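The values are calculated or read from the model by the stated rules, or taken from the named source; none is laboratory data. None of these values were measured; they are calculated from a predicted model. Because the Cβ atoms are built from the backbone with ideal geometry, glycine has one as well, and the counts that use them run over all protein chains shown.
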Amino acid sequence: MHARILATALVLLAVSPVPHAKPCTRHLLVSGYFSDNVAIYDACSGAFLRQLEHAGRIDGAQAVRHNPRDNLVYVVSEGNDQVQRYRRGDDYAFVDVFAQLPADFDPTGIAFGAGGEVFVAGYGSSSVVELDAASGAVIGTLLPSDSGLLGADNGMIVSAAGLLYVPGYDTDSVARVDPASGEVEATFIAPGSAGLSETRGIVDEGGTILVGGEGSGAVYRFDAATGQLVDTLLGGLVRPTGLALDGDGSLLVLWGNRVQRYDRLTGASLGVLANGADGGISGGTFIALVPNPDFDAVFRDGFEPSIPLSTR
């Protein structure tokens with residue numbers, strides 16, 4: 001009896017399909033300014049997967065963001081003053097040059113409004129403009145060049161409240177803009193607050209924002225309503241650039257050519273997620289978490305995409 005049960009169990013195991021682990025829900029994209037590339041990593045394991053493109057279109061990679069409105073990935077290419085678009089699919093195929101900006105604009109940051117608005121920051125122009133969401137043409141200026149902020153950088157964000165926060169790299173400051181009213185607070189976070197130097201990354205926490213200082217090697221927490229310092233979350237970093245919030249609530253910081261994870265409450269190190277060298281990154285500027293197109297397939301057909309149809 002026991003022998004027959006064991007034999008039956010072995011047969012069932014032999015014919016049963018082997019379960020496959022579901023893919024990570026997101027990809028981690030890392031921009032390399034000097035290496036002119038955007039490297040794609042598994043956002044769970046940190047394994048390098050592929051380059052975004054191989055045709056040499058990107059020159060001085062800056063901000064990279066997924067636009068949920070058209071489901072495309074937007075890449076800011078500062079060296080040739082372009083905003084490029086790539087399809088969020090299995091091959092991340094190139095779509096088009098969405099915007100060709102003036103030679104002295106030097107685009108760095110990009111952010112999207114809740115209504116589909118497209119905002120681009122220019123380091124050379126020290127301004128933020130709005131682009132037509134269909135044509136990519138400049139249709140307005142939100143932060144003028146003479147606001148007092150200098151070196152609008154790639155960490156620009158639109159908060160959940162709909163406000164635009166703009167890092168001033170050369171003024172060690174942050175501007176706040178209300179796109180709805182047009183109100184500009186050029187020194188919302190005053191120059192050099194708490195030692196802030198060479199402002200780069202910004203992330204929204206709701207009532208507070210985290211702001212990275214590349215020159216000061218720190219990440220600060222400021223009140224999102226008043227611009228006053230709440231605390232210094234991290235210090236002693238070497239030229240941190242990109243910041244991103246992961247799905248588990250931890251903070252990802254790009255510094256030392258690694259994407260490193262930190263507890264957002266205590267500042268404790270939680271280890272290294274990804275190595276820039278694995279993706280050929282030099283001069284890392286920006287990190288972004290993008291929905292993994294492979295994970296979409298799980299919901300399209302109910303099966304893991306790695307399982308051949310013949311085994312389903």
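So which strands (runs of 3 or more DSSP E) are wholly in region 78-190 and hold at least 1 residues that are modelled with pLDDT of 95 or more and among the basic types (Lys, Arg)?
The strands (runs of 3 or more DSSP E) meeting that bar are 82-87, 173-177.
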- Across (1) surrounded by fewer than 17 Cβ atoms within 10 Å (Cβ to Cβ); (2) over 29 Å from Phe34 (Cβ atoms); (3) in contact (Cβ under 8 Å) with a residue 60 or more places away in the chain, Ala224 clears everything bar (1)
- Message: Checking Leu101 against (1) more than 24 Å from Gly182 (Cβ to Cβ); (2) crowded, with 20+ Cβ neighbours inside 10 Å; (3) not aromatic (Phe, Trp, Tyr), only one condition comes out false. Which one?
- Response: (1)
- Note on the structure: Exception for Phe94 within (1) in contact with a Pro (Cβ under 9 Å, 6 or more places away or on another chain); (2) surrounded by fewer than 21 Cβ atoms within 10 Å (Cβ to Cβ); (3) in contact (Cβ under 8 Å) with a residue 40 or more places away in the chain; (4) not aliphatic (A, V, I, L, M) falls at (1)
- Name the residues in region 227-239 that are surrounded by fewer than 19 Cβ atoms within 10 Å (Cβ to Cβ) and part of a strand (DSSP E or B), would you? Leu229, Val230, Asp231, Thr232
- Query: Is one or more of the residues making up region 81-97 under 17 Å from Ser126 (Cα atoms), β-branched (Val, Ile, Thr) and in contact with a Lys or Arg (Cβ under 9 Å, 6 or more places away or on another chain)?
  - Reply: no
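Listed here are the residues, each with its yes/no results for (1) assigned to a strand (DSSP E or B); (2) of a type in the set (Val, Ile, Thr); (3) modelled with pLDDT under 95; (4) within 30 Å of Gly89 (Cβ to Cβ).
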site: Thr241; (1), (2), (3), (4): no, yes, no, yes
site: Asp248; (1), (2), (3), (4): no, no, no, yes
site: Leu252; (1), (2), (3), (4): yes, no, no, yes
site: Ala277; (1), (2), (3), (4): no, no, no, yes
site: Ile281; (1), (2), (3), (4): no, yes, no, yes
site: Thr285; (1), (2), (3), (4): yes, yes, no, yes
site: Asp294; (1), (2), (3), (4): no, no, yes, yes
site: Arg300; (1), (2), (3), (4): no, no, yes, yes
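For the structure I just gave you, tell me whether Gly109 is over 18 Å from Leu29 (Cβ atoms) and not aliphatic (A, V, I, L, M). Give the derivation first.
Working: over 18 Å from Leu29 (Cβ atoms): no; not aliphatic (A, V, I, L, M): yes.
When the stated conditions are applied, Gly109 does not pass them.
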- Query: Somewhere in region 255-265, is a residue more than 25 Å from Asp42 (Cβ to Cβ) and either modelled with pLDDT of 95 or more or crowded, with 18+ Cβ neighbours inside 10 Å (or both)?
  - Reply: yes
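Yes/no matrix, rows are residues, columns are (1) under 26 Å from Asn80 (Cα atoms); (2) touching a strand residue (DSSP E or B) at 6+ places or on another chain (Cβ under 6 Å); (3) touching a residue at least 60 places away in the same chain (Cβ under 8 Å):
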{"site": "Tyr123", "(1), (2), (3)": "yes, yes, no"}
{"site": "Val128", "(1), (2), (3)": "yes, yes, no"}
{"site": "Val166", "(1), (2), (3)": "yes, yes, no"}
{"site": "Thr171", "(1), (2), (3)": "yes, no, no"}
{"site": "Arg176", "(1), (2), (3)": "no, yes, no"}
{"site": "Ile189", "(1), (2), (3)": "no, yes, no"}
{"site": "Gly192", "(1), (2), (3)": "no, no, no"}
{"site": "Ser197", "(1), (2), (3)": "no, yes, no"}
- Message: Pull out all pairs, ordered by first then second residue, where Cβ-Cβ is under 9 Å, the residues are six or more apart or on different chains, the first lies in region 47-58 and is closer than 18 Å to Gly276 by Cβ and among the acidic types (Asp, Glu), and the second is modelled with pLDDT of 95 or more and buried (at least 18 other Cβ atoms within 10 Å of the Cβ).
- Response: Glu53/Asn37; Glu53/Val38; Glu53/Val75; Glu53/Gln84; Glu53/Tyr86; Glu53/Tyr92
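Please determine, by comparing only the residues of region 240-254 that are buried (at least 16 other Cβ atoms within 10 Å of the Cβ) and of a type in the set (Gly, Ala, Ser), which one is nearest to Gly213 (Cα to Cα). Give the derivation first.
Going through region 240-254, the residues buried (at least 16 other Cβ atoms within 10 Å of the Cβ) turn out to be 240-244, 246, 250-254.
Add one more test, that the residue is of a type in the set (Gly, Ala, Ser), and what stays is 242, 244, 250.
Numbers: Gly242: 10, Ala244: 14, Ser250: 19 Å.
Only one residue fits best here, namely Gly242.
Look through Ala152, Ala114, Ala133, Ala121 and report the one residue that is of a type in the set (A, V, I, L, M) and either on the phi > 0 side of the Ramachandran plot or exposed (fewer than 15 other Cβ atoms within 10 Å of the Cβ) (or both).
Numbers: Ala152 fails: either on the phi > 0 side of the Ramachandran plot or exposed (fewer than 15 other Cβ atoms within 10 Å of the Cβ) (or both); Ala133 fails: either on the phi > 0 side of the Ramachandran plot or exposed (fewer than 15 other Cβ atoms within 10 Å of the Cβ) (or both); Ala121 fails: either on the phi > 0 side of the Ramachandran plot or exposed (fewer than 15 other Cβ atoms within 10 Å of the Cβ) (or both).
Checking each option against the conditions leaves just Ala114.
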